[in-house]
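What follows is a single structure, written as structure tokens, with notes after it.
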Amino acid sequence: MRKKIEVLPKLLSAWTVLVLVFLFIPISLVFLHSFNYGGSFTIWSGRASTKWWGELFNGGVMYGVLIRFAVVVVAGVVFARITKRRENFSKRVSSLILPLTFVFAIVLNGLMTEWYRTIFDFAGIGDSIRNSFIAAFGATVIAVLIGGMSGVALARRPGGWTKFFMATVFLILVTPEIMDAIALATWFPRIKAIPVIGIIFSSGWGPFNGGINKLWVGQSLYSSAVVTLIVRARLSGLDEALEEAAADLGAPPGRAFRQITLPLIASAMVAGALLSFALCLDNAVISTLISEAGSTTFPVALLGATRSTIKPFWGVGAVLLFIVTLGALWFLAVILRRGGDSASKIAATFTGS
Amino acid sequence: MTFSVASVLRRRWRGPKYLLAIPAIIWYLVFFAAPIAFIVLYSFGTKDSSRLVPVDLGSLSTKSYSAVFDETFFKTFRATLRISVLATFLCVVIGLPVAYFAAFKVAEKWKAIILAAVVVPSFTSFLIRTVAWRIPLAPNGTLSKWLVGMGWISDNGIQILETPMAVQIAIVYNYLGFMILPLFVALDRIDVRMREASKDLGAGRVATFMGVTLPLAGPGIVAGVLLTFIPMCGDYVTATVLGGAKGNMIGAMIASQFSGAQNWPLGSAMAILMIAAVLLALVVGFVVVWIAPRLAALASPVVQVVRRKILSDQSPASK
């Protein structure tokens with residue numbers, strides 16, 4: 001009898017280890033095969049080589065990127081140290097500086113420079129990585145803005161509308177992506193015909209072409225729903241007494257929002273932004289159906305490349321994007337941890353509840 | 001006490017409660033509801049390649065729906081449902097022990113490690129994860145050569161790329177994490193005292209699991225099934241990358257009507273039938289899931305014993 005009790009946890013732990021190994025095998029193979037010497041991504045040549053990675057450092061552009069990255073991050077660390085000592089600076093805000101610095105450094109390198117184009121030039125995927133970052137960044141900004149606002153409204157001003165809105169959010173989360181993709185792909189030709197708004201999606205505005213604007217819209221749908229759920233969950237767990245106290249002390253609604261509500265939800269907004277960024281960066285289905293020649297993202301280009309022999313260089317790009325995603329997830333966990341969340345609560349955030 | 005300045009200020013607030021949600025409402029109306037409404041509309045139109053929007057909405061008919069019902073479509077449709085149902089089932093069977101282990105059997109520190117190990121592969125690019133399967137499944141790849149060398153498979157090597165088998169394996173892999181997470185969250189929220197009470201009342205581990213843990217985890221299982229089964233049915237990437245012609249799925253078939261064939265009415269009709277079939281499958285699935293444990297619970301002698309004990313424990317107290 002006693003022995004039986006001890007068998008089950010052992011079996012379960014063995015099973016868990018097996019499943020986790022299963023989850024990691026393909027990803028480790030991607031990593032391994034980016035070091036493949038031969039010309040194919042899928043067939044191991046029997047010889048390891050860093051030649052595909054070496055391409056990153058051809059012409060010295062990569063050194064500039066790394067230096068720029070380091071400078072921004074060091075500046076962020078120094079700024080975080082300084083603000084930590086100042087009493088009037090909210091602790092929540094100062095803990096966010098470091099992750100925001102990393103995001104800023106990535107965005108700065110991605111938006112302001114052409115390094116992707118230069119170093120990935122021979123493989124023809126430089127533009128696609130650059131487009132991926134621009135699209136994911138814009139979609140995340142939209143998602144955080146509209147998702148954050150509706151999250152606050154859901155938590156603080158519930159009413160008859162809440163049910164309908166939540167139903168819409170869940171509908172967006174469960175609708176098969178292909179449905180959104182074909183709906184948007186057939187919607188944009190129609191939108192383009194509208195006089196003023198149409199220009200945004202045909203010729204674009206500023207440095208952003210029409211295809212990128214379409215990607216912003218397409219990628220923002222799912223991620224804004226995710227941000228909405230995260231912000232709502234976070235804010236409804238917090239007592240409204242703080243905001244009421246601010247109002248009692250005579251703070252006008254705008255100021256109470258800025259000084260009380262915003263710091264309270266800042267961590268949820270950043271968490272939502274990071275998750276949204278990770279989701280948008282790897283969006284393939286919607287992007288494939290709505291992207292145009294000038295707005296091909298990395299997943300779209302990779303999907304095209306799978307129709308013939310895949311070069312190991314795609315593995316290098318995949319590993320780079322994997323590192324960025326991993327960084328975003330890690331900061332997400334750090335932020336939620338600092339907010340006092342247990343592992344269970346962080347897992348709940350990932351499922352959007 | 002209730003008459004605070006805040007409540008006075010709030011009363012002065014005249015705007016609608018959903019004021020802050022208005023941008024999102026507009027966004028979802030314009031870019032979610034309206035486009036999908038048009039897909040419904042297109043499905044009743046006829047193809048007209050001469051226009052910019054290649055659909056003639058002048059005469060609405062159900063022609064596309066009858067055109068959908070041909071042999072190829074049915075074959076793909078059946079294959080999609082078969083792959084998705086089996087994959088959802090496998091995800092529950094593979095994922096539930098992991099979620100159970102992480103929720104009940106390990107310390108807080110290990111919980112975090114296991115969860116991180118599930119999250120990291122699951123939130124890595126879906127496409128890259130799918131493409132990665134081309135490495136172990138390659139007919140002339142390392143694994144294939146090794147298996148041939150061992151004499152376990154024929155000299156042709158692994159021949160499952162470009163077949164439904166490859167899609168099946170990869171789809172289980174792709175969605176496993178999205179099943180484990182909601183399952184874990186649901187199991188983790190169960191009050192440990194409920195399980196202890198069940199055991200104190202004499203229920204064995206099987207009875208406790210079937211009678212207490214599983215019903216309480218119900219919402220999580222439902223969430224997990226929703227989060228995996230519906231996207232699976234519309235999956236485009238896995239079938240496109242690994243399926244080839246033999247392993248086609250409905251999602252890829254729908255997409256080809258828009259990107260290649262430019263037959264919007266047919267594609268729209270397919271998409272709507274797909275959604276209808278998914279909803280139907282879910283309803284059938286949940287009815288089965290709802291009924292089965294109740295029948296099993298009634299039949300199980302262990303549960304009967306527990307029930308009698310609970311009743312006999314309660315009755316003296318109430319009298």
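Any read-out appearing in this document is the output of simple, stated calculations on the displayed coordinates, not a laboratory observation. All values derive from a computational prediction rather than experimental measurement. For neighbour counting, all protein chains shown are included, and Cβ atoms are generated from backbone atoms with ideal geometry for every residue, glycine included.
Observations, loosely collected:
- Pairs beyond 27 Å (Cα-Cα), from A:LYS311/B:LYS246; A:LYS163/B:LYS75; B:LYS111/B:LYS199; A:LYS192/B:LYS75; A:LYS345/B:LYS105: A:LYS163/B:LYS75; A:LYS192/B:LYS75
- Spin-label model, B:THR62 to B:ALA33: label points 7 Å out along the Cα-to-beta-carbon direction sit 2.7 nm apart.
- Size check on segment A:199-268: the Cα extents along the three principal axes, sorted descending, read 51, 24, 15 Å.
- Note on B:LYS47: aspartates and glutamates with a C-alpha under 12 Å away, same-chain residues under 8 apart excluded, are B:ASP56.
- Here segment A:142-156 is scanned for amide nitrogen atoms under 12 Å from the site 7 Å beyond the Cα of B:LYS17 along Cα-to-Cβ, giving A:153-156.
- Highest-first arrangement of A:42-52, B:266-276, A:183-193, B:17-27, where packing means the average Cβ count within 10 Å: B:266-276, A:183-193, B:17-27, A:42-52
- FRET efficiency, A:PHE104 to A:LYS345 (Cβ-Cβ, R0 35 Å, nearest 0.05): 0.80
- Calculated FRET efficiency, A:GLU6 to B:VAL192, Cβ-Cβ distance, R0 = 22 Å: about 0.70 to the nearest 0.05.
- Only helices reaching 15 angstrom along their own axis (Cα) with mean Kyte-Doolittle hydropathy no lower than 1.6 count here, and for the DSSP H runs of chain B these are B:218-233, B:264-299.
- Proximal aspartates and glutamates to A:LYS51, defined as alpha-carbon separation beneath 19 angstrom and excluding residues fewer than eight positions away on the same chain: A:ASP121
- Calculated [222 nm] ellipticity per residue, helices only, for chain B: -21500 deg cm²/dmol; basis is -39500 (n - 2.57) per DSSP H run with n ≥ 4, divided by all residues, nearest 500.
- Spin-label zone in segment A:285-329 - amide nitrogen under 16 Å from a point set 7 Å from the Cα of A:PHE31 along the C-beta vector: A:315-329
- The relative contact order of chain B comes to 22 percent, based on Cα pairs under 8 Å that sit 6 or more residues apart.
- Label-to-label distance for A:SER45 and A:ARG156 is 5.9 nm, based on points extended 7 Å past Cα in the beta-carbon direction.
- B:THR72 versus B:ALA261: modelled label distance in nm, points set 7 Å from Cα along the beta carbon direction: 0.6
- Annotation: the protein assembly as shown has a Kirkwood hydrodynamic radius of 27.3 angstrom, from the mean reciprocal C-alpha pair distance.
- Once the Cβ-Cβ distance of B:ASP200 and A:PHE208 is raised to the sixth power relative to R0 = 56 Å, the FRET efficiency obtained is 0.30.
- Per-residue 3J(HN,Hα) values for segment A:25-42, derived from phi via the Karplus relation 6.51 cos²θ - 1.76 cosθ + 1.60 with θ = phi - 60°, read 4, x, 5, 5, 5, 4, 4, 4, 6, 6, 9, 5, 7, x, x, 10, 6, 8 Hz in sequence order (x marks Gly and Pro).
- Shielding of B:166-175 by partner chains, average beta-carbon count, 10 Å: 1
- The protection proxy used here, the mean number of other Cβ atoms lying within 10 Å of each residue, ranks peptides B:112-121, B:33-42 as follows, highest first: B:112-121, B:33-42.
- Cα-based Rg / Dmax (Å) for segment B:70-290: 20.3, 65
- Averaged over the residues of B:46-54, the number of partner chain Cβ atoms lying within 10 Å of the residue Cβ comes to 1.
- MRE, 222 nm, helices only [DSSP H, n ≥ 4, -39500 (n - 2.57), over chain A, to nearest 500]: -25000 deg cm²/dmol
- Exposure proxy ranking for A:VAL144, B:VAL85, based on other Cβ atoms within 10 angstrom of each Cβ and starting from the fewest, stands as B:VAL85, A:VAL144.
- Near-label residues of segment B:90-112 by backbone N, under 18 Å of a point 7 Å along Cα→Cβ of B:VAL288: B:90-96
- Shielding of A:298-309 by partner chains, average beta-carbon count, 10 Å: 3
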